[in-house]
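Worksheet: the structure to be examined is printed underneath.
The values are calculated or read from the model by the stated rules, or taken from the named source; none is laboratory data. Note that the coordinates shown come from a computational prediction; the quantities given were computed from them, not determined experimentally. Virtual Cβ from ideal backbone geometry, glycine too; neighbours counted across all protein chains shown. SASA here: full protein model, heavy atoms, side chains in, ligands and nucleic acids out. Shrake-Rupley method; radii C 1.70, N 1.55, O 1.52, S 1.80 Å.
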Amino acid sequence: MQVVKYMFQPHGDARGQLVALEEHVDIPFTIRRIYYMYDTAQGVTRGYHAHKSLEQILVCIHGSCKIRLDNGSESKVVPLEKPYEGLYVANNMWREMFDFSPDAVLLVLASELYDESDYIRDYDEFLNFIGKEGTAQ
Ligand code: TYD
């Protein structure tokens, strides 16, 4: 399973750092939604779902967290701890977010508006869905 990480360009000078993200330039899709998680309680794992068509880029813009990606046949844990590093999460990919530091802010850039019907929240249903679609690798 290939983990796709984007290293964004920080525009640093004596004042500090700035990262700019543009759709179809730094981000490989049209950005239709942005959301972020913060004040995550210690020990919590979030996510536990896949998307049928949504693509996302996850950026831990403050603090750190870990992302478990699972394509139905393989699973990998990816630490996110740099504000200039983005993790691409394709559709048909089960994800869990955990090990949030108390100061973590996890920013998500998403290719679609919120649509509950795009979620697969049951792991067996996910396996069935990708098997049916033939996208498991
Ligand atoms: P939830 O799907 O439980 O988050 P996670 O996948 O991280 O566990 O979302 C938490 C709540 O926020 C839930 O009530 C749905 C709502 N929500 C929106 O309204 N819009 C969004 O874009 C997202 C991601 C969630």
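Return the total of residues in the stretch 8-21 being of a type outside the set (Val, Ile, Thr) and surrounded by 10 or more Cβ atoms within 10 Å (Cβ to Cβ).
Our first condition is that a residue be of a type outside the set (Val, Ile, Thr); within the stretch 8-21, this holds for 8-18, 20-21.
Then keep just the ones that are surrounded by 10 or more Cβ atoms within 10 Å (Cβ to Cβ); that gives 8-12, 17-18, 20-21.
Total satisfying the criteria: 9.
Taking the stretch 108-119, which residues are crowded, with 19+ Cβ neighbours inside 10 Å and under 20 Å from VAL77 (Cα atoms)?
LEU109
Among residues belonging to the stretch 92-137 that are touching a helix residue (DSSP H, G or I) at 6+ places or on another chain (Cβ under 7 Å) and away from the ligand (no atom under 13 Å from the Cβ), point out the one that is modelled with the highest pLDDT.
Here the answer is ASN92.
If you go through the stretch 111-125 one residue at a time, how many are in a strand (DSSP E or B) and in contact with a Phe, Trp or Tyr (Cβ under 6 Å, 6 or more places away or on another chain)?
Adding up the residues that qualify gives 1.
Taking the options VAL44, VAL89, VAL59, name whichever one is within 14 Å of the ligand (Cβ to nearest atom), closer than 30 Å to HIS11 by Cβ and in contact with a strand residue (DSSP E or B) (Cβ under 9 Å, 6 or more places away or on another chain).
VAL89
Is the stretch 61-69 home to any residue that is hydroxyl-bearing (Ser, Thr, Tyr) and in contact (Cβ under 8 Å) with a residue 60 or more places away in the chain?
Checking the stretch 61-69: not a single residue is hydroxyl-bearing (Ser, Thr, Tyr) and in contact (Cβ under 8 Å) with a residue 60 or more places away in the chain.
Kindly indicate whether LEU54 is at pLDDT 95 or above, of a type in the set (A, V, I, L, M, F, W, C) and either open to solvent by 60 Å² or more (accessible area, probe 1.4 Å) or within 30 Å of GLY131 (Cα to Cα) (or both).
When the stated conditions are applied, LEU54 passes them.
Take the stretch 22-41 and flag every residue that is within 16 Å of the ligand (Cβ to nearest atom), open to solvent by less than 50 Å² (accessible area, probe 1.4 Å) and not aliphatic (A, V, I, L, M).
Within the stretch 22-41, PHE29, ARG33, THR40 qualify.
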